[in-house]
Each structure stands twice: as structure tokens, then as C-alpha cells.
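A.B. asks: If you scroll down you'll find the structure; I have some questions about it.
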């Protein structure tokens, strides 16, 4: 599986493109010290234009997509101080009909 470490702007744009995005499950959760790691599955419908990192856009296809994701978070004072997100962007795009 190819993964991608996403900047926060990518995650914001993802939620704008998939306003019905939901976290279906978090089957694996671990913690050590001030770090947590969670694997999960998210899904949503591509209903708004997707802004790519280069500023171009992909028009919505209306297709639903489902993908695995992982998040690693460092906690401070009961709040997330640092969050690292990963997902398989190629698989996501393939499901939407915009990738290979």
C-alpha cells in the first residue's frame, strides 16, 4: 500500500470535497506515553470540486469512496499538539474514477 503524509491543507480540502465524509471504524488503537496511533476507515461522496496540491481542481464525480487511514498524534494537556495523517491517495482517486 502506498501512503501519503498529508499537510493539514490537504485534509481540509478533502473534507470540502466530501462533506458527508465519516469515520466508519477505528479497529486499531494504541498509545504509548504522549503518543496515540489509530488505524481506521473513512468514506464519503465526491460532491464538490477537489483542489489538488498544485491548485488545479477535479470536478466532482458523485462517486462514493472508502479508504484506510492512519493517524499518529502527540498529546499535550489533553489536546492534540501534533497530528500526522496517512492515507492511500492512489486508491482513493481510483475509486472516484479519476486515477489509474
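The values are calculated or read from the model by the stated rules, or taken from the named source; none is laboratory data. As the structure is a prediction and not an experimental result, all values here were calculated from the model. Note: ideal-geometry Cβ built from the backbone for every residue, glycine included; neighbour counts use all protein chains shown.
A.B. asks: Working only within segment 56-69, note down all residues that are in a loop (DSSP other than H, G, I, E, B) and either surrounded by 16 or more Cβ atoms within 10 Å (Cβ to Cβ) or in contact with a helix residue (DSSP H, G or I) (Cβ under 8 Å, 6 or more places away or on another chain) (or both). Outline the logic, then answer.
C.D. replies: Step one: list which residues in segment 56-69 are in a loop (DSSP other than H, G, I, E, B), which gives 56, 59-63.
Once the filter is applied, which keeps residues that are in a loop (DSSP other than H, G, I, E, B) and either surrounded by 16 or more Cβ atoms within 10 Å (Cβ to Cβ) or in contact with a helix residue (DSSP H, G or I) (Cβ under 8 Å, 6 or more places away or on another chain) (or both), segment 56-69 yields 60, 61, 63.
A.B. asks: Let me ask something else about it. Considering only residues of segment 23-54 that are more than 24 Å from residue 74 (Cβ to Cβ), assigned to a strand (DSSP E or B) and touching a strand residue (DSSP E or B) at 6+ places or on another chain (Cβ under 6 Å), which is modelled with the lowest pLDDT? Even if it seems obvious, please write down each step before you answer.
C.D. replies: Taking segment 23-54 first, the residues more than 24 Å from residue 74 (Cβ to Cβ) are 24, 43-54.
Pick out the ones that are also assigned to a strand (DSSP E or B) and you get 24, 43-45, 50-51.
From the residues that got through so far, the ones that are touching a strand residue (DSSP E or B) at 6+ places or on another chain (Cβ under 6 Å) too are 24, 43, 45, 50-51.
On the way: 24: 89, 43: 94, 45: 95, 50: 88, 51: 85.
Residue satisfying both the conditions and the ranking: 51.
A.B. asks: Spot the failing condition for residue 53; the list is (1) exposed (fewer than 14 other Cβ atoms within 10 Å of the Cβ); (2) out of contact with any helix residue (DSSP H, G or I) (no Cβ under 9 Å at 6 or more places or on another chain); (3) at negative phi, and only one is missed.
C.D. replies: Failed condition: (2).
A.B. asks: Sticking with this structure for a sec: Exactly one of these conditions fails for residue 32: (1) exposed (fewer than 11 other Cβ atoms within 10 Å of the Cβ); (2) under 18 Å from residue 98 (Cβ atoms). Give me its number.
C.D. replies: Unmet for residue 32, out of (1) exposed (fewer than 11 other Cβ atoms within 10 Å of the Cβ); (2) under 18 Å from residue 98 (Cβ atoms): (2).
A.B. asks: Still on this model: Need pairs with beta-carbon distance below 8 Å; first residue closer than 12 Å to residue 11 by Cα and within segment 82-100, second at pLDDT below 85 and not in a strand (DSSP E or B); sequence gap 6+ or separate chains.
C.D. replies: Close Cβ pairs (under 8 Å, with a partner that is at pLDDT below 85 and not in a strand (DSSP E or B)) amount to 85/6; 85/11; 86/3; 86/6; 87/3; 87/6; 89/2.
A.B. asks: Let me ask you something else. Restricting to segment 20-41, count the residues that are within 12 Å of residue 71 (Cα to Cα) and in contact (Cβ under 8 Å) with a residue 24 or more places away in the chain.
C.D. replies: Number satisfying all stated conditions: 7.
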